[in-house]
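The structure appears below as structure tokens.
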Amino acid sequence: LSSHGTISLGLIGAVGNNNKGGVGINWKVRIMPLRSVANNGMGFFVDVAKAVNYAVDNGADVINLSLVSDLSNESLKNSIKRAYEKEL
């Protein structure tokens, strides 16, 4: 079971003063969690590209991708470029 995304989101947005013993860096952040890979961390570039496009189309200001691969994919490159250019 992959929990990297949950841990990352907790570091970013965990609310303080709630007797849970931790706090994120921004208590008032709105998070759009999107899953584009399986629980084992395996997936397809096209699904990650769709998630990036969805985030861009739905107003995400920041997109966090934690990916490892020795391959390249035009669809993913284009979606990341689109996200970057939207903010310029």
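Summary table
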item: Cα gyration tensor shape of region 16-56, rounded if a/c is under 1.5, else prolate or oblate by comparing a/b with b/c; result: oblate
item: Correct option for P(r) over Cα pairs in 5 Å bins from 0, in percent [calculated from the coordinates] among (1) 3, 14, 29, 26, 15, 9, 3, 0; (2) 3, 12, 21, 21, 19, 14, 6, 4, 1, 0; (3) 3, 16, 26, 23, 16, 10, 5, 2, 0; result: (2)
item: Where Cα atoms sit under 17 Å apart: lysine pairs in the chain separated by 8 or more or lying on different chains; result: 5
item: GNM flexibility winner over the chain from 77, 20, 28 (Cα, springs under 10 Å); result: 20
item: Length-normalised contact order for region 20-86 - Cα pairs under 8 Å, 6+ apart - percent; result: 32 percent
item: Heavy atoms of residue 85: accessible area, 1.4 Å probe, square angstrom to 10; result: 100 Å²
item: ³J(HN,Hα) computed for each position of region 72-78 - Karplus, 6.51 cos²θ - 1.76 cosθ + 1.60, integer Hz, glycine/proline x; result: 10, 8, 5, 4, 5, 4, 5
item: Inter-label distance for residue 74 and residue 42, nm, one decimal - labels placed 7 Å from Cα along Cα-to-Cβ; result: 2.7 nm
item: Helical contribution to [θ] at 222 nm, DSSP H n ≥ 4, -39,500 (n - 2.57), averaged over the chain, rounded to 500; result: -12500 deg cm²/dmol
item: Most mobile listed residue (12, 25, 63) in the chain, GNM with C-alpha springs under 10 Å; result: 25
item: Heavy atoms of residue 3 accessible to a 1.4 Å probe, total area in Å² rounded to 10; result: 60 Å²
item: The chain, accessible surface, carbon-and-sulfur percent (1.4 angstrom probe); result: 55 percent
item: GNM flexibility winner over the chain from 68, 37, 23 (Cα, springs under 10 Å); result: 68
item: Per residue accessible area in Å² of the chain, where ligands, DNA and RNA are left out and the probe is 1.4 Å; result: 81 Å²
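The values are calculated or read from the model by the stated rules, or taken from the named source; none is laboratory data. These numbers were taken from a predicted model, which means no experiment stands behind them. Virtual Cβ from ideal backbone geometry, glycine too; neighbours counted across all protein chains shown. With ligands, DNA and RNA removed, areas are computed over all heavy atoms of the protein, side chains included. Shrake-Rupley method; radii C 1.70, N 1.55, O 1.52, S 1.80 Å.
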